[in-house]
2 protein chains.
Amino acid sequence: MTDAERRRAVAQLLVIRASGHAEDGQRRYPQWEHCNRDLERLLRSGVGGVILLGGSATELQQRCRTLRSWSDSGDLLLCADVEEGIGQRFEGATWLAPPMTLGRLHRRNPQRALNLAERYGRTTGDQAKRCGLNWVLAPVCDVNSNPDNPVINVRAWGDRPQTVADLVAAFERGLNAAGVLGCAKHFPGHGDTDRDSHLELPLISHDRSRLEQVELVPFRRLIASGIASVMTAHLLIPALDEDQPATLSKAVLTDLLRTELDFAGLVVTDALVMEAISRRMGPQEAAVQAFAAGADLILMPADADAAIDGICAALAEGRIPESRLNESLRRRADALQRSERNPVDEAAPILETEGDRDLSMELVESSLEIQGTGAASHPERKGVNLIRVDGVLPCAFLRSGAAAISTLERHGYRTLICHDRGIEPWNANPDRAAPLDLGRLGPGPVFLQLFLRGNPFRAGQQRPEPWAEAIQQLIRAQRLSGLAVYGCPYRWDTLRRLIPDNIPAGYSPGQMPEAQQQLLEKLISGPRAANQQRDFTD
Amino acid sequence: MTDAERRRAVAQLLVIRASGHAEDGQRRYPQWEHCNRDLERLLRSGVGGVILLGGSATELQQRCRTLRSWSDSGDLLLCADVEEGIGQRFEGATWLAPPMTLGRLHRRNPQRALNLAERYGRTTGDQAKRCGLNWVLAPVCDVNSNPDNPVINVRAWGDRPQTVADLVAAFERGLNAAGVLGCAKHFPGHGDTDRDSHLELPLISHDRSRLEQVELVPFRRLIASGIASVMTAHLLIPALDEDQPATLSKAVLTDLLRTELDFAGLVVTDALVMEAISRRMGPQEAAVQAFAAGADLILMPADADAAIDGICAALAEGRIPESRLNESLRRRADALQRSERNPVDEAAPILETEGDRDLSMELVESSLEIQGTGAASHPERKGVNLIRVDGVLPCAFLRSGAAAISTLERHGYRTLICHDRGIEPWNANPDRAAPLDLGRLGPGPVFLQLFLRGNPFRAGQQRPEPWAEAIQQLIRAQRLSGLAVYGCPYRWDTLRRLIPDNIPAGYSPGQMPEAQQQLLEKLISGPRAANQQRDFTD
């Protein structure tokens, strides 16, 4: 192999990040997403994979065609973090209620949960294929045993090892039937962390026998059923390796995953730009150490050229044997071949089938939780529809016509949306008994809607907000007319206990408009006015 | 002509509304935008035009292909309200600073303004064509002689008749060179209204000689240079017709526009769903009256089938002569033929050329106004970046990485965004001297950014906000560190006088991210930190 050939071969192992939008100016995260000039250069030089984020499903289709046209071989791995259906990331495709929905359903009705999980995988795989993706970075195999987990939470398929194993295996069957590659993540298990690996390196202090009983169970199951890829976690697990995070650890990736668990597919790192890794070492060294430890594919290196240079140099120096390169290339070729089953008709206009829509509605329906016998009455004076969104606006689930806004406005409520960059509803002087500044909300009954997920990247940016105390304050003031919680089941379980029976309260794990509509229909009675939204252009 | 043939012929004269998105669930205004099933049915039954709104430029390209495939003849008029470049409505294309920019520049440098106006038309036309549109609903020919105009304002090319005439003629030359149809609107002139015709019928009480001296000047110019279409205004002008709004008036459309001004092109109504019309009569009667008055094309009828039925019945009854139908069909066919010049390479990947980007930057640069000698210093304690957006979030110009947010955050400011659905910054008890509740903002210097345009649909929804008094309050409290106004020049002219010389203040007619960046670079000095935005996924 000449140097040029080796460079080209190594480049195949990279998975670089691109926006799903066509134009550079549309990138939402320009510091992470390559511009088109760089993308074309890297793909022409042999880079073999792209992870996409942002844009609509229509844009994604076009984008995948463009990226393939820039790759001389056309043999690209095109993937996305679409754990909750393609619509989670790409508007216009189907957005499914999060996996935890089925973990909760599984307690009551395991057979129905397994059936829905398989359809979940099939819908995700079919739509991925129609959009041009051949690799879905799911299912999450982490057992969410820690309710304070800031990065996994509702992304997990449950909090019990067997439940998660059964559900992810069903999901993978659906995905595989669609002819799309899956990815079991985050090895060896990210469910029991209370730190965010996007920001720092979490520590898992369990011993090997606990890992066997909990964390490894779903991974073993998917390896046995032939999952195409496994993604590594940025975690320090002293029971396995006292020094290196799993992503960079030969003990974890080679000794445990390859040898002991006998995994023959692709090992892909989690994004190397994450601070758990990038704080420890430069972009070149991170890629080299991950590859040396046993990873086949390098996801989102902070510097793609440096990653290629570094791995080439390590091969030339003999620090990594040439055989490792050949093995990884062979595994990649095998995966690509496997993904070429079930070709789709690219001209087919339909992205979301009726079956896809039925699934998304059934997931929402099966997951709603309602309590209270009363119903939010039509307020005689104008009430307040107080909404707290995760993070900042704009957010995908709260457009101007979303049910969380329009349904309440039809019933005479005016909307106040709180977000990280808005004026807070809290009293300036902290008061545990009366945290809300009721003067800021104005008069009338308050219907409270909380969109809360354990979202990453938020550690230290947000102080915890006293919603439990706020709810008690509103109840004492006889001003709470209803509560809707969308997202985190643990927060719901805490808050629901505060609500007396005559006030309607409900929960949906999904935050999407369909979930808002179904939940609010159950919580709110009264005459339905026509939608008064008048602005047809601006 | 059989009844079936006549129905099909009449259908050609309709221009119905569609979302630019592919899927029904993505429609932002589902009560105005036909679902795909109806769109396909109407196009197959002969409907000849579609007005598009929403989605990105990539989605628009795909959407235009789909719509043409649903039309048996493929001969569709595909248009959009893209007065400020395709990017005003379709993300990814070029969004240009509003026309008023050039009206103001024209006072200082008429030749440069005319040159830019022609490039404005060319860029808009070229991008329209690349997206699949053949008809641009611009230029606005209204002379904005009334600063309180709630619907025109910065959409106008100036407030003097000759300036507007010169600039729109230059714009039309550019559009025509691209082979795209233009539309002079809103005939006979919407510049001197202080009511919003989306909500009610405004009255123009000028006599005929004033109309000749002001309102009609730009229209006469564009008719002389061969503009393809003219859009009617929903205005009552007793000097021309004491009973009927212009859109429904034979005196305005036939006697004045066709006969006296000798216009031979297409007359298109403004949207018939607007309340100025829809409050007066049913959807069928509105379409019949507009057609009888002299309109060729019926834009956004409230009920497309009823509009076709009504016009067919009026023709059958002899209320409208068959010759009118034939004339309108001929004009439509002529316009379509004219738009088929300069075919584009649909496979060309580039939507926004370097020339387009240069134009957009030059328009921003040429339009900034700066006063004050000081610069917003790097605050020692955290300051407040207080932003008021027009209307509600999300808005196209204020994404999470927009300069209005990121530039100030790099300088230590925290962002507070006020919008129509957020908690207000105002004191509960009105106090002219101290309208702002400073406690809600928190401590530190305040950098104020106001995004204010005379947007439609807002009459009565918003009470006027006392920003002038708020600025004086902040100055007295020695807390104002800067002011940026984006949009309405009249508001800027009022507010700028309040700012002392040691506080930087600036104005941009454009609200887009490039305008924010250029304006803030001039207003803010101090060390530039790297962009700290860390979240590369969620």
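In segment A:306-316 there is no residue matching the filter, namely being within 14 Å of chain B (Cβ to nearest Cβ), within 25 Å of A:Asp75 (Cα to Cα) and in contact (Cβ under 8 Å) with a residue 24 or more places away in the chain. For the residues A:Leu336, A:Leu329, the requirement of being under 27 Å from the mean Cα position of the chain (by Cα), in the same structural domain as A:Trp135 (by TED's automatic domain parsing), at pLDDT 95 or above and within 30 Å of A:Ala287 (Cα to Cα) singles out A:Leu336. Among the residues examined, A:Gly87 does not qualify as out of contact with any strand residue (DSSP E or B) (no Cβ under 6 Å at 6 or more places or on another chain) and surrounded by 22 or more Cβ atoms within 10 Å (Cβ to Cβ).
Between A:Ala264, A:Ala233, A:Ala239, the distinction of being surrounded by fewer than 22 Cβ atoms within 10 Å (Cβ to Cβ) and within 26 Å of A:Asn134 (Cα to Cα) belongs to A:Ala264 only.
So, of the residues in segment A:143-152 that are in contact with a Pro (Cβ under 8 Å, 6 or more places away or on another chain) and crowded, with 22+ Cβ neighbours inside 10 Å, which turns out to be nearest to A:Trp492 (Cα to Cα)?
If we filter segment A:143-152 for residues that are in contact with a Pro (Cβ under 8 Å, 6 or more places away or on another chain), which is where we start, we get A:143, A:150-151.
Among the residues that remain, those that are also crowded, with 22+ Cβ neighbours inside 10 Å are: A:143, A:151.
On the way: A:Val143: 20, A:Val151: 18 Å.
Looking at the filtered set, the residue picked out is A:Val151.
Filtering segment B:152-184 to residues that are in contact with a Phe, Trp or Tyr (Cβ under 9 Å, 6 or more places away or on another chain) and either closer than 23 Å to B:Thr247 by Cα or modelled with pLDDT under 95 (or both) leaves B:Asn153, B:Trp157, B:Val164, B:Ala165, B:Val168, B:Leu181, B:Gly182, B:Cys183, B:Ala184.
How many residues are among the hydroxyl-bearing types (Ser, Thr, Tyr) and within 12 Å of another protein chain (Cβ to nearest Cβ) if we restrict to segment A:57-74? Write out each step before concluding.
Keep residues of segment A:57-74 that are among the hydroxyl-bearing types (Ser, Thr, Tyr), which gives A:58, A:66, A:69, A:71, A:73.
Subsequent filtering for residues that are within 12 Å of another protein chain (Cβ to nearest Cβ) retains A:58, A:66, A:69.
Final tally of qualifying residues: 3.
B:Asp24: under 28 Å from A:Ser19 (Cα atoms) and modelled with pLDDT of 95 or more, yes or no? When the stated conditions are applied, B:Asp24 does not pass them.
Taking the numbered list (1) within 14 Å of another protein chain (Cβ to nearest Cβ); (2) of a type in the set (Ser, Thr, Tyr); (3) farther than 26 Å from B:Glu200 by Cβ in turn, B:Ser278 passes all entries but (3). When segment B:282-305 is filtered for residues that are among the hydrophobic types (A, V, I, L, M, F, W, C) and away from chain A (no Cβ under 14 Å), the ones remaining, listed by number, are B:Ala286, B:Ala287, B:Val288, B:Ala290, B:Phe291, B:Ala292, B:Ala293, B:Ala295, B:Leu297, B:Ile298, B:Ala304. Pairs are defined by a Cβ separation below 9 Å, a sequence spacing of at least 6 or placement on different chains, a first member in segment B:277-290 that is assigned by TED's automatic domain parsing to the domain that holds B:Lys250, and a second member that is surrounded by fewer than 20 Cβ atoms within 10 Å (Cβ to Cβ) and among the polar types (S, T, N, Q); the pairs so defined are B:Ala286/B:Ser278; B:Gln289/B:Gln244. Looking across A:Ala271, A:Ala246, A:Ala290, one residue alone is under 25 Å from A:Glu172 (Cβ atoms) and at pLDDT below 95. It is A:Ala271.
Given the structure, is A:Asp38 more than 25 Å from the chain's Cα centre (by Cα), farther than 21 Å from B:Gly55 by Cα and assigned by TED's automatic domain parsing to the domain that holds A:Ala335? Against the criterion (more than 25 Å from the chain's Cα centre (by Cα), farther than 21 Å from B:Gly55 by Cα and assigned by TED's automatic domain parsing to the domain that holds A:Ala335), A:Asp38 qualifies.
With the condition being farther than 24 Å from A:Leu96 by Cβ, I'd like the strands (runs of 3 or more DSSP E) fully within segment A:162-269 carrying at least 1 qualifying residues. If you could, list the steps in order and put the result at the bottom.
Working: elements: A:183-187, A:229-232, A:266-268.
Result: A:229-232, A:266-268.
Pairs are defined by a Cβ separation below 6 Å, a sequence spacing of at least 6 or placement on different chains, a first member in segment A:79-101 that is away from chain B (no Cβ under 12 Å), and a second member that is among the charged types (D, E, K, R); the pairs so defined are A:Leu96/A:Glu84; A:Pro98/A:Glu84.
Could you pull out the residue among A:Asp431, A:Asp420 that is of a type in the set (Asp, Glu) and either more than 10 Å from every other protein chain (Cβ to nearest Cβ) or crowded, with 20+ Cβ neighbours inside 10 Å (or both)? From the options A:Asp431, A:Asp420, the qualifying one is A:Asp431.
On inspection, A:Ile237 qualifies as farther than 21 Å from A:Arg173 by Cα and at pLDDT 95 or above. Checked against the criterion of being aliphatic (A, V, I, L, M), modelled with pLDDT of 90 or more and in contact with a Phe, Trp or Tyr (Cβ under 8 Å, 6 or more places away or on another chain), segment B:521-534 contains not a single residue that satisfies it. Within segment A:54-101, the set of residues being out of contact with any Lys or Arg (no Cβ under 9 Å at 6 or more places or on another chain) and among the aliphatic types (A, V, I, L, M) comprises A:Leu67, A:Leu96, A:Ala97.
For segment A:203-219, a residue qualifies if it is surrounded by fewer than 19 Cβ atoms within 10 Å (Cβ to Cβ) and in contact (Cβ under 8 Å) with a residue 40 or more places away in the chain, and exactly one does: A:Gln213.
Here's the yes/no breakdown for (1) more than 14 Å from chain A (Cβ to nearest Cβ); (2) surrounded by 16 or more Cβ atoms within 10 Å (Cβ to Cβ); (3) closer than 30 Å to A:Gln26 by Cα:
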| residue | (1), (2), (3) |
| --- | --- |
| B:Ser406 | no, yes, yes |
| B:Gly412 | yes, yes, yes |
| B:Asp437 | no, yes, no |
| B:Pro443 | no, no, no |
| B:Leu450 | yes, yes, yes |
| B:Pro466 | yes, yes, no |
| B:Leu474 | yes, yes, no |
| B:Asn502 | yes, no, no |
| B:Pro509 | yes, yes, yes |
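A:Tyr486: crowded, with 23+ Cβ neighbours inside 10 Å, over 29 Å from the mean Cα position of the chain (by Cα) and modelled with pLDDT of 90 or more, yes or no? Criteria not met by A:Tyr486.
Number of residues in segment B:1-56 that are buried (at least 20 other Cβ atoms within 10 Å of the Cβ), among the small types (Gly, Ala, Ser) and more than 9 Å from chain A (Cβ to nearest Cβ): the value is 9. Right, B:Thr407: at pLDDT 90 or above and either assigned by TED's automatic domain parsing to the domain that holds B:His234 or part of a helix (DSSP H, G or I) (or both) or not? Yes: the conditions hold for B:Thr407.
Kindly indicate which of B:Asn109, B:Asn115 is within 18 Å of B:Asp356 (Cβ to Cβ), surrounded by fewer than 24 Cβ atoms within 10 Å (Cβ to Cβ) and assigned by TED's automatic domain parsing to the domain that holds B:Lys185.
Details: B:Asn109 fails: within 18 Å of B:Asp356 (Cβ to Cβ).
After ruling out the rest, the residue left standing is B:Asn115.
The values are calculated or read from the model by the stated rules, or taken from the named source; none is laboratory data. Note that this is a predicted model, so its numbers are computed, not measured. As a convention, Cβ positions derive from the backbone with ideal geometry for all residues, glycine included, and neighbour counts pool all protein chains shown.
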